[in-house]
Amino acid sequence: MHCACYNNLDHWQTMVYHALEHEELFSRRCMLVNGPVIVGAGPSGLAVGAGLHQQGVPFVILDRANCIASLWQNKTYDRLKLHLPKQFCQLPYFPFPPNFHEYPSKNQFIDYLESYARKFEISPRFNESVQYAKYDETCGLWRVRTVTDSGEVEYICRWLVVATGENAEKVVPDFEGLDEFEGTVMHACDYRSGEAFEGKRVLVVGCGNSGMEVSLDLCHHNAFPSMVVRSSVHILPREIGGKSTFELATALMKWLPLKIVDKILLVLARCTLGNLENYGIKRPSKGPLHLKNTKGKTPVLDIGALQKIKSGKIQIVPGIKRFSPGRVELVNGANLEIDSVILATGYCSNVPSWLKEDGLFSEEGTPILPFPEGWKGKAGVYAVGFTGRGLSGASFDAIRVAEDIGKIWNQETKQTNHYVTFLRSKMQ
């Protein structure tokens, strides 16, 4: 762990003593951090750490899990691959190995992140759950309180980087009668493969990328999935003419307005995939890029689920009215006999549960200002991994955060060194 005294030692100690006077902190360990505390050891936190490491800025990364990128390691299904080509998913300063697939697998991405942490000498403090973080105006420092197996720890620091991201907690909707359903119920974060569901009738709730891929995986394991499509959704082919749809959209955006690019993508999708309304899937009135930029709604990139939908191996059903033992009643009055339910209902931020600040984050735990402005708040607090633009958005913010902190830290270090040199010359 990177931990030391503040550059201006007397000033630092004075502020810390003020902080200690305000509460009974001597019942817990207190750590003084000469640099930022980063909460979250996922890709966002690692990217910030790498940028700080390159500038010589010490830091501490905290994570409640026992490993880096715990969402990827512990809460994803086996068949998962990156949805975008690897050049759009690599973190700053360190590209993917050339022998990796165009769309790296889950295990390849985890290996990449482990190599990334080693390269930039990043050693997070694991199994430390942040319970509380607040800026102490009296001493001008952040106080971050964590809980570990051995007790509480309080970190005192100048800067706080929130890198827990948009997917910190699973979202579990409250369905009438679900507690009465007698079969298996799990969130997609607990799903690994369809092997255990062979021959089972499975209701998949949610039609995003996870819902589509879980349904496809169930088909590959001879299950019988029905997928709930409650609202309209954009489905695009992952590739068009052998080229990544995302890469094509990015290239077109350099020359054409977003509205025109949306129209081009929808025409190409219609030509490639056909009219999906025939299968119970309606497109939104706004284009896929418009919804991504304004609402954070990611279009589904098809990797084979549509073929199963068209063949009838994945049934499309409308919204849920209520559950009962072994059954689900749909909003159109139909009843289905089912054995299991998989909730592909997404994730949300957990920032409001532990961060006490005004101005940067909304009540939902996402930055108030839209991308690219929502990365920096008052009093040295930063946000990384909340852009709604995946790994590329997180990398963009991580670079800015690391450079901003590094600039201040190095300026103050030079000033302190100059002051010490001046004193020595006076004494000689």
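For Thr148, what residues show an amide H to amide H distance below 5 Å, using hydrogens built from the backbone and excluding near sequence neighbours?
Close amide H contacts, sequence-distant or interchain: Val153.
Per DSSP H run of at least 4 residues, take -39500 (n - 2.57); add these up for the chain, divide by its residues and hand me the 222 nm value, nearest 500 deg cm²/dmol.
Rounded to the nearest 500, the figure is -10000 deg cm²/dmol.
How high is the relative contact order of the chain, in percent, with contacts defined as C-alpha pairs under 8 Å that are six or more residues apart?
21 percent
Using 7 Å Cα-to-Cβ label points, what is the Glu152/Val171 separation (nm, one decimal)?
So the two model labels end up 3.3 nm from each other.
State the percentage of accessible surface on region 233-359 attributable to carbon and sulfur atoms; use a 1.4 Å probe and exclude ligands, DNA and RNA.
About 52 percent, which is the carbon plus sulfur part of the accessible surface.
If you place +1 on the Cβ of every Lys and Arg, -1 on the Cβ of every Asp and Glu, and leave all else neutral, what size is the dipole of region 329-387 about its Cα centre, to the nearest 20 Debye?
440 debye
What distance in nm separates the two pseudo spin-label positions at Arg29 and Arg192, each 7 Å out from Cα along the beta-carbon direction?
3.2 nm
Can you tell me the length gained on complete extension of the stretch Cys348 to Ala251, counting 0.36 nm per residue apart and subtracting the Cα distance?
Using 0.36 nm per residue and subtracting the Cα-Cα distance, I get 31.9 nm.
Taking amide hydrogens as modeled 1.01 Å from N in the peptide plane, which residues meet the under 5 Å criterion relative to Asn34, leaving out close sequence neighbours?
It is Ala4, by chain and number.
Where nothing but the Cβ of Lys and Arg (+1) and of Asp and Glu (-1) is charged, how large is the charge dipole of region 295-345 around its Cα centre, in debye to the nearest 20?
Dipole of region 295-345, to the nearest 20 debye: 200 debye.
What residues qualify as long-range amide H neighbours of Gly183, i.e. H under 5 Å apart, gap of 5 or more or another chain, H built at 1.01 Å from N?
Gly326
Under 16 Å from a label point 7 Å along Cα→Cβ of Asn222: give me every residue in region 280-320 with its amide N that close.
The answer is none, because no backbone nitrogen lies closer than 16 Å to the label point.
Filter Lys259/Lys321; Lys86/Lys282; Lys282/Lys321; Lys297/Lys356; Lys119/Lys295; Lys297/Lys407 down to the pairs with a C-alpha to C-alpha distance above 25 Å, please.
Checking Cα-Cα distances, Lys259/Lys321; Lys86/Lys282; Lys297/Lys356; Lys119/Lys295; Lys297/Lys407 exceed 25 Å.
Could you derive backbone 3J(HN,Hα) for region 174-181 from the dihedral phi with the Karplus parameters 6.51, -1.76 and 1.60 (θ = phi - 60°), listing whole Hz in sequence and x where the residue is Gly or Pro?
9, 9, 4, x, 4, 5, 8, 5
Antiparallel versus total DSSP beta bridges in the chain: what percent is that, nearest 5?
Here the antiparallel bridges make up roughly 45 percent for the chain.
Could you check the simple spin-label distance between Ile260 and Thr138, using points 7 Å along Cα→Cβ, in nm with one decimal?
Going from the Ile260 label point to the Thr138 one covers 6.1 nm.
Run the numbers for Glu337 and Ile408: contour at 0.36 nm per residue of separation, minus the present Cα-Cα distance, in nm.
This chain segment gains 19.4 nm when fully extended.
Determine ³J(HN,Hα), in whole Hz, for all residues of region 55-70 in sequence, where each value follows from phi through the Karplus function 6.51 cos²θ - 1.76 cosθ + 1.60 and θ = phi - 60°; x replaces Gly and Pro.
Result, ordered by residue: 9, x, 8, x, 7, 10, 10, 10, 8, 6, 8, 9, 7, 6, 6, 5 Hz.
Under a 1.4 Å probe, what is the accessible area of the chain per residue, stated in Å²?
About 49 Å² of surface per residue is accessible.
The values are calculated or read from the model by the stated rules, or taken from the named source; none is laboratory data. What you are looking at is a predicted structure, and each value in this text was computed from that prediction instead of being measured. Here the Cβ is made from the backbone with ideal geometry for all residues, glycine too, and neighbour counts use every protein chain on show. Areas reflect the complete protein model, heavy atoms only, side chains present, ligands, DNA and RNA absent. Shrake-Rupley method; radii C 1.70, N 1.55, O 1.52, S 1.80 Å.
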